Every structure is written in C-alpha cells, then in structure tokens.
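Bear in mind these aren't lab numbers, they're just calculated from the coordinates by the rules spelled out. The structure presented is a predicted model; accordingly, all values stated were derived computationally and were not measured. Cβ placement follows ideal geometry from the backbone for every residue including glycine, while neighbour counts extend to all protein chains displayed.
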Amino acid sequence: MLRKPKKRLGQHFLISPHFKQKIAQSCDIGKGDTVLEIGPGRGELTVILAEMCASLVAVEFDRELAALLKDKFKDKPSVEIIAGDILRFDPAGYFKNHSGKIKVIGNIPYQITSPIIQHLITQRNCIESIGITIQKELGERLTATPGSKTYGAFSCFVQYYTEAKLLFVIKRGCFYPAPKVDSCFVRLKIRTEPAVKVNDEALFFRIIRAAFNKRRKTLRNSLQEVVGAEIIEKFFGLRHIDRNTRPESLSLEEFAYLSRLCG
C-alpha cells in the first residue's frame, strides 16, 4: 500500500525498517497485551505490532487510508481499524471490557501533538504506557529537568502524571516526505500515583501556568496575581530559595510545596 502522504494532514510516513523494529521493540509488548495505535498510516508498523500482541486497534484520521487498511487486515481478526479522530476517541469506554490496561503507540502529526498527549493523559486510568514518535524539540520539552531552557509548564504536566523518557532520535530522512526537523521516540509510563503530593491539583497547575506564562520575570513577579505576597515570601524562606529565582529553576516538588502553602 504505497499511497502518497497528504500534506494538509501533516502526514510523514516512517520508511526506515530499522526504526520500525526499534519502536516495536521499545514498547515492551507482550502476547497478552492490547495495543492502541494512533495514526497507523500505511500500516507498516501495524503489521509488526499485530504479531506481538493479542489485539490491536488502530485509529486513522485519513478515511481513505483507513479503508485501505481495513482491506489490508481483513483476514486478521485481532486487528481492528477505526476511521476517526483520536481526539474524539474514548479509550476508557472502548476498552472497558478488556482485561488489564492498554499500551498506546503512535506516529503523531506535529501540529496536534500536545492536544493528543493531553487527551491520552486524561484517559490514563485505562493506559499503562504511551510510546510516541514526535518532534525532537517537543520530546526534549517533555523530558526536560529544572534549570534547562526547555523546561516549562507542559514538562511539569506530563511529568506529574507519567515517567517520561526520550529513548532515541529519528533523523528526518527516515520519513517520507522528510520533515524539516528531526523526530524522537518518547515513552510515557503512567504513574500509579502522581509524582508529588498536592491538596488541590487545579491550584497546583494554575500556579505552574502563571509562573511560566511570564518566565522571563522572577517567580515573585510572575505569581503575584495567583499567590499572595506573604505566602511567596514564606515559601522562599522555608525552601531557602533566592528571591530573584525564575520559574524554570523550580522542581515539581517545589511547585507542590508552594501550592500546599496556599491551602
């Protein structure tokens, strides 16, 4: 099935046999697993995954490709192809009768990567892990540590709910057509409990967003509309933090500590 990619859908098909195998092997798939594949494209990785797991559901936005995939796997009852938008797909409802949690794998269009990751994390109760091919720059953001230039609010959100690890880089020439930037494969393992303890998740993330919305300012200035000046001063003293520190210097634990001080 050699149908050309559609530029308007941001399609870049992985054509490297080496990386198809490497992705499949990096997802720790067992014979009893159920896999959700996002954006199977022409189905080359799907073929490999289908031989590794008990059942595979592939959600393809491109209806023309989905029809071709249905024909390609018509004699493989363990593979189901769904023509649809992953952002409208409800994994918790769809897999409610499956035993155990599912594993998600996908090659995601750059322009909707963040919304897809957010959507999957909101569905985390039915997911064990997420293995995704994404833009290298975003992969570095997801796995960034405090103090780095790429560390931000999205890093905190992802790392609060998952153990994020950038496994390997995939050069742009491994795709057709070649994108303008390199990609990477990231594994997000859903945590059984969030990374840090907070009393109010909504407040915790509101503080983080406020801090990074004005990341060029000091933490004291960026948070003044969300956290009272007295609490900020108390936080600096208790945690022995310089009053001129910037938000990218704070760890998840420190953001959590500040949110707990607020009540």
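Report the local net charge at G84: Lys and Arg +1, Asp and Glu -1, summed over other residues whose C-beta lies under 15 Å from its C-beta.
Details: positive: R63, K70, R88; negative: E37, E60, D62, E64, E80, D85, D90.
My count for the surroundings of G84 gives -4.
Ignoring lysines fewer than eight residues from K70 along the same chain, the ones with Cα atoms less than 29 angstrom from its Cα are K4, K6, K7, K20, K22, K31, K96, K101, K103.
Taken along the Cα-to-beta-carbon direction at a fixed 7 Å, the label points for M52 and S251 span 3.3 nm. S129 sits among other residues whose Cβ lies under 12 Å from its own Cβ, and their net charge, with Lys and Arg +1 and Asp and Glu -1, is +3.
Taking Cα atoms only, the orientation of helix 17-26 departs from the longest principal axis of the chain by about 60 degrees.
Gyration tensor over the Cα atoms of the range 58-106: the corresponding equivalent ellipsoid has semi-axes (square roots of 5 times the eigenvalues, largest first) of 20, 15, 8 Å. Expressed as an acute angle from 0 to 90° and rounded to the nearest 10, what is the orientation of the C-alpha long axis of helix 229-239 relative to the principal long axis of the chain? Orientation of helix 229-239: about 80 degrees from the principal axis.
Each listed q (0.14 Å⁻¹) maps to a log10 I(q)/I(0) for the range 24-165, found by the Debye formula over equal Cα scatterers with no solvent: -0.65. In units of the rule-of-thumb radius 2.2 N^0.38 Å, the range 201-261 shows an alpha carbon radius of gyration of 0.95. Mind jotting down the distance between the C-alpha centroids of the range 150-171 and the range 190-238, whole Å? Cα centroid of the range 190-238 versus Cα centroid of the range 150-171: 19 Å apart.
For the range 115-256, rounded, prolate or oblate, judged on the Cα gyration tensor with a ≥ b ≥ c (square roots of eigenvalues), a/c < 1.5 rounded, else prolate if a/b > b/c? In terms of gyration-tensor shape, prolate.
Mean projection of the Cα convex hull over all viewing directions, computed for the range 169-229: 7.3 nm². Going by neighbour counts of Cβ atoms within 10 Å, the residues R243, R124 line up, fewest first, as R243, R124.
Cross-link reach is defined here as a Cα-Cα straight distance under 12 Å, omitting same-chain residues fewer than 8 places apart; for K214 the aspartates and glutamates meeting it are E225, E248.
When the Cα convex hull of the range 117-181 is projected onto planes of every orientation, the mean area is 5.2 nm². Along the range 39-44 the Karplus relation, 6.51 cos²θ - 1.76 cosθ + 1.60 evaluated at θ = phi - 60°, assigns HN-Hα couplings of x, x, x, 8, x, 5 Hz to successive residues, with x for each Gly and Pro.
Against the chain, whose longest principal axis comes from its Cα atoms, helix 113-122 is set at around 80 degrees. Our Cα-only numbers for the range 41-124 put the radius of gyration and Dmax at 12.8, 35 Å. For I190, the shell of other residues with beta-carbons less than 12 Å away shows a net charge of +3, using +1 for Lys and Arg and -1 for Asp and Glu.
Computed over Cα pairs, the Kirkwood radius of the chain leads via Stokes-Einstein (0.692 mPa s, 37 °C) to a diffusion coefficient of 165 µm² per second.
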